[in-house]
Every structure is written in C-alpha cells, then in structure tokens.
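These notes concern the structure reproduced below.
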Amino acid sequence: MSFVQGDDPLGATSHLAAPSEIRGACLSEIELRRGDELVALNVAPAPDVIKIDVEGHELEVIEGLGNLLERPRLRALVIEVHFGILAGLGRPEASRQIELKLENAGFSLHWIDLSHLLATRRI
C-alpha cells in the first residue's frame, strides 16, 4: 500500500494514501500484514491487550485479528472509532460491525466516551 507521512510532529495525520493522493504526494510503499498471520509466523507474540487507533480502518484491523479474537489470552481492546472518517468513506455501519464482531467473540462492550470503545473479555 502507499502511505502518506503526515507533516505534524507526532505523525497524527499520517495515513494510507487515497487513490486521489497517489500522484504528487510524497509516498512510501508499505506492506500490510494481518495480526493473526504475524502471531502464527512468530513475528509477534499473541497479545493480551490491543489498542487500535487507525483513522477509519478499525474494522479492517479487527478482521485482521482473525482467530486471535477468540483466544482467552486476549483480555481487552481499546478502540478509537473515527465516526466522521467512516461516514466520509461511505461506511457509517462499520462501528456497528465492530461491536458485533467483538460481542460474538465473547467481549462485553463499554463506550468510554463518544469515540472510544472498551471491549473486555466476558468471564
């Protein structure tokens, strides 16, 4: 994928390049990998807690965790859901899909505030 490095000091405006940005932007080519694949290949250990802040790609990250969501070791996820970005991408239903995937994987959900979702493993 093409990646645009944000020009702010924290990189908070960095993002995957939209098709309209491919020309003229300073892009880096990056490889995207699924979380479950990284664990299966021993590139990363199975997580206990996950923080997700991916500027409108929350559902894709959840889907990329695959069977890791079912593992009891994964106790909690904190997700910053970017409703405005999702709506702008024509995907306003993505937040509900995230909730359903997490509930089906055995998590209880609590909205900490208007954009942060805490999912904890039901015991």
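Mean separation of Cα pairs under 8 Å and 6 or more residues apart, divided by the residue count, gives the chain a relative contact order of 19 percent. Taking amide H as placed 1.01 Å from N in the peptide plane, R71 has no amide H partner under 5 Å among residues 5 or more places away or on another chain. For the range 72-78, the Karplus equation 6.51 cos²θ - 1.76 cosθ + 1.60, evaluated at θ = phi - 60°, returns couplings of x, 4, 6, 8, 7, 9, 10 Hz by residue, with Gly and Pro reported as x. Surface composition of the chain: carbon plus sulfur atoms hold 58% of the accessible area, using a 1.4 angstrom probe and ignoring ligands, DNA and RNA. Rounded to the nearest 5, the antiparallel percentage of DSSP beta bridges internal to the chain is 80%.
Loop-located trypsin sites (Lys or Arg not before Pro) across the range 25-104 with a Cβ neighbour count of 14 or fewer within 10 Å are R33, R73, with loop assigned by DSSP. Ignoring ligands, DNA and RNA, what accessible area per residue does the chain give at 1.4 Å, in Å²? On a per-residue basis, the chain sits at 62 Å². Taking GluC sites (Glu not before Pro) across the range 14-123, the ones in a DSSP loop with at most 12 further Cβ atoms lying within 10 angstrom of their Cβ are E31, E93. Close amide H contacts of I52 (hydrogens built in the peptide plane, cut-off under 5 Å, sequence separation of 5 or more or a different chain): V78, I79, E80. Using a simple spin-label model with pseudo-atoms 7 Å out from Cα toward Cβ, V43 and S108 lie 3.5 nm apart.
The values are calculated or read from the model by the stated rules, or taken from the named source; none is laboratory data. Every value quoted in this text rests on a predicted model; they were computed, and no experiment measured them. Positions of Cβ are generated from backbone atoms using ideal geometry, with glycine treated the same way; all protein chains shown enter the neighbour counts. Heavy atoms of the whole protein, side chains included, go into the accessibility calculation; ligands, DNA and RNA do not. Shrake-Rupley method; radii C 1.70, N 1.55, O 1.52, S 1.80 Å.
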